[in-house]
């Protein structure tokens, strides 16, 4: 039985789903998080990784509060760069174990119409994006032969509040909501991402991978589809980013090209509206849960 250590596996949006899917696929799974101790204490971290004796370490821990990162650069850097670097060093010292490090579409910025491939040049425009990119580079420099970087985006899924949940909750309280329409990305279901991640880990697929559901959407389009699937009567009003000021700069176009992963898996990755339908039907309309959903 393969063993996995999932950092963030007990509380994280992706970590919880990843842990559940690993167990369902008969992996032996241990979780590790800030609730267990100081992950930035090298002695503690090294002991935890050694004790786990994991074949694969999945790191889903990150500083994801994008706006707060602008005012807490050092703290964001600690979680987004120093932690993955430390994990990689621990595994290098052990001489065994594969690492899956998660990154973000936010490393790309600016306008565009062509999805970003793994070879596209990053242009981070926020502290969050810069620190996540630095984390990528650190892992690839320290453990290139036993690691992969999984870039993903716009996650929704069970276990923790996310954009889709926020939109549906808002629509239960109000007749209309305003949502930004001029930022476009790749909505992604954590359940699908978990299956793809495990496939990469099982094959020890090194390098950088873009793992997102197929298609693209603006935040407004994602909100509209969520409201429609949930059967809410709320009206979604498109607004410009300038009407919703935020401290950190967001990418105008950060769609990720997933063709490399699709070829690796030997099948196309399902479109985000289908994945969103499965999520909403399972979480909000359980009587209509889709059977046999494709990963």
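The values are calculated or read from the model by the stated rules, or taken from the named source; none is laboratory data. This one's a predicted model, so the numbers in the text were calculated from it and none came from an experiment. For neighbour counting, all protein chains shown are included, and Cβ atoms are generated from backbone atoms with ideal geometry for every residue, glycine included.
Within region 263-273, the set of residues being free of Cβ contacts under 8 Å to residues at least 24 places away in the same chain and assigned to a helix (DSSP H, G or I) comprises 263 only. Is one or more of the residues making up region 146-160 buried (at least 19 other Cβ atoms within 10 Å of the Cβ), free of Cβ contacts under 8 Å to residues at least 60 places away in the same chain and in a strand (DSSP E or B)? For region 146-160, residues buried (at least 19 other Cβ atoms within 10 Å of the Cβ), free of Cβ contacts under 8 Å to residues at least 60 places away in the same chain and in a strand (DSSP E or B): present. Within the bounds of region 36-44, is there any residue that is in a helix (DSSP H, G or I), in contact (Cβ under 8 Å) with a residue 24 or more places away in the chain and closer than 19 Å to residue 132 by Cβ? Looking for residues that are in a helix (DSSP H, G or I), in contact (Cβ under 8 Å) with a residue 24 or more places away in the chain and closer than 19 Å to residue 132 by Cβ, one finds none in region 36-44, hence no.
Any residue in region 79-93 that is touching a helix residue (DSSP H, G or I) at 6+ places or on another chain (Cβ under 9 Å), touching a residue at least 60 places away in the same chain (Cβ under 8 Å), over 21 Å from residue 150 (Cα atoms) and not in a loop (DSSP other than H, G, I, E, B)? Looking through region 79-93, none of the residues is touching a helix residue (DSSP H, G or I) at 6+ places or on another chain (Cβ under 9 Å), touching a residue at least 60 places away in the same chain (Cβ under 8 Å), over 21 Å from residue 150 (Cα atoms) and not in a loop (DSSP other than H, G, I, E, B). Listed conditions (1) surrounded by 17 or more Cβ atoms within 10 Å (Cβ to Cβ); (2) farther than 30 Å from residue 282 by Cβ; (3) in contact with a strand residue (DSSP E or B) (Cβ under 9 Å, 6 or more places away or on another chain) are all met by residue 130, apart from (3). Do the conditions hold for residue 142, that is, is it over 19 Å from residue 284 (Cα atoms) and either buried (at least 19 other Cβ atoms within 10 Å of the Cβ) or at pLDDT below 95 (or both)? Yes.
Can you go through 228, 254, 214, 241 and tell me which one is farther than 30 Å from residue 55 by Cβ and in contact with a helix residue (DSSP H, G or I) (Cβ under 9 Å, 6 or more places away or on another chain)? Selected residue: 254, the only one of 228, 254, 214, 241 that is farther than 30 Å from residue 55 by Cβ and in contact with a helix residue (DSSP H, G or I) (Cβ under 9 Å, 6 or more places away or on another chain). For region 76-119, which positions are buried (at least 16 other Cβ atoms within 10 Å of the Cβ), more than 15 Å from residue 140 (Cα to Cα) and modelled with pLDDT of 95 or more? Within region 76-119, 76, 77, 78, 79, 104, 105, 106, 107, 108, 115, 116 meet the criteria.
If you filter region 242-262 down to residues that are more than 17 Å from the chain's Cα centre (by Cα), at pLDDT 95 or above and assigned to a helix (DSSP H, G or I), you find that the one that is surrounded by the most Cβ atoms within 10 Å (Cβ to Cβ) is 260. Of all the residues in region 94-114, those that are over 19 Å from the mean Cα position of the chain (by Cα) and not in a loop (DSSP other than H, G, I, E, B) number 1.
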